[in-house]
1. Could you pull out the residue among ILE90, ILE31 that is closer than 27 Å to GLU178 by Cβ and buried (at least 24 other Cβ atoms within 10 Å of the Cβ)?
2. For the subset of segment 130-150 comprising residues that are in contact with a strand residue (DSSP E or B) (Cβ under 6 Å, 6 or more places away or on another chain) and touching a residue at least 60 places away in the same chain (Cβ under 8 Å), which member is surrounded by the fewest Cβ atoms within 10 Å (Cβ to Cβ)?
3. Being free of Cβ contacts under 8 Å to residues at least 12 places away in the same chain, assigned to a loop (DSSP other than H, G, I, E, B) and under 21 Å from the mean Cα position of the chain (by Cα) narrows it down to one residue among PRO211, PRO190; which is it?
4. Could you check segment 4-30 and list, in sequence order, the residues that are touching a helix residue (DSSP H, G or I) at 6+ places or on another chain (Cβ under 8 Å) and of a type in the set (Lys, Arg)?
5. Which condition does MET1 not pass, out of (1) out of contact with any Lys or Arg (no Cβ under 6 Å at 6 or more places or on another chain); (2) of a type in the set (A, V, I, L, M, F, W, C); (3) not in a helix (DSSP H, G or I), if it passes all the others?
6. Can you tell me which residue within segment 193-208, out of those that are touching a residue at least 60 places away in the same chain (Cβ under 8 Å) and either within 26 Å of VAL83 (Cα to Cα) or among the basic types (Lys, Arg) (or both), is surrounded by the fewest Cβ atoms within 10 Å (Cβ to Cβ)?
7. Looking at LEU80, is it of a type outside the set (Phe, Trp, Tyr) and not in a loop (DSSP other than H, G, I, E, B)?
8. Out of ALA32, ALA39, which single residue is more than 24 Å from GLY119 (Cβ to Cβ) and in contact (Cβ under 8 Å) with a residue 40 or more places away in the chain?
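Just so it is clear, none of the values below were taken in a lab; they were calculated from the coordinates. Since this is a predicted model, take the numbers as computed values, not measurements. Don't worry about glycine lacking a Cβ; one is built from the backbone with ideal geometry, like all the others, and counts go over all protein chains shown.
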Amino acid sequence: MKTILITGASSGIGRDTAELFLDQGWRVGLIARRADRLAEIADAYPNAVALPADVTDAGAMRGAFDAFGHIDVLFNNAGLFGVSGPIDEIPLEVWTEVMQVNINGMFIAAQLAFERMRGQNTGGRIINNGSLSAYVPRPGSVCYTMSKHAVTGLTRTLSLDGRPFNIACGQIDIGNAESELVAGLKAANPDMDTMDVKHAASSVLHMAQMPPEANVQFMTVMATKMPYIGRG
């Protein structure tokens, strides 16, 4: 049975992706802070393993990885948007919180996955959740945009460093999938074009199912009419 660990698995893109993989027969490790939501999923699927942990807590994350065992794929998904506004209106503690989850959390999960995949001698695959903001920002998104540019650097570095160990790394850049994170943006912009989050989940599945000799390096999946190409 193929295995995948998913961070941020309790809601949004993470939860929909987890449930799709579970339906496809994968053994899925569910990492998030909200233990009650993870338990809901695990109660419904015998192939789900609830692993409550904060991605910014390196010790808790190592415990979750150790409890899960062999890993074929990591979906490095957990992330925060933060508050919107120009940089001079962003409290430093908000910026720090976003960086802790979106950069430190991503690093911790990737480091643990890389270490385990290297030790397994069978390779593996890391899929980082980037964003269209890794390329083109929204107005007032300095925290999120800075963090997602960093994720792209992580993806490229892991792709290089993983080659000797048969560890592939790719990045999925998702635009306006209907999730809790996007709900707040849509509330402020009712005309925002969105897409069903299931399209993001199925794209992650496609990336995860690639054979070891192939990799989707970067994939963009987005609402067709969102103002990404050419947006200012």
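1. Values: ILE90 fails: buried (at least 24 other Cβ atoms within 10 Å of the Cβ).
Unique residue meeting the criteria: ILE31.
2. Taking the candidates together, the pick is LEU132.
3. On the way: PRO190 fails: under 21 Å from the mean Cα position of the chain (by Cα).
From the options PRO211, PRO190, the qualifying one is PRO211.
4. Once the filter is applied, which keeps residues that are touching a helix residue (DSSP H, G or I) at 6+ places or on another chain (Cβ under 8 Å) and of a type in the set (Lys, Arg), segment 4-30 yields only ARG15.
5. Status for MET1: all satisfied but (1).
6. Residues of segment 193-208 touching a residue at least 60 places away in the same chain (Cβ under 8 Å): 197-198, 200-202, 204-205, 207-208.
From what's left, either within 26 Å of VAL83 (Cα to Cα) or among the basic types (Lys, Arg) (or both): 197-198, 200-201.
On the way: VAL197: 21, LYS198: 15, ALA200: 28, ALA201: 23.
Checked segment 193-208; the qualifying residue surrounded by the fewest Cβ atoms within 10 Å (Cβ to Cβ) is LYS198.
7. Judged against the criteria, LEU80 is not a match.
8. Numbers: ALA39 fails: in contact (Cβ under 8 Å) with a residue 40 or more places away in the chain.
Going through ALA32, ALA39 in turn, the sole match is ALA32.
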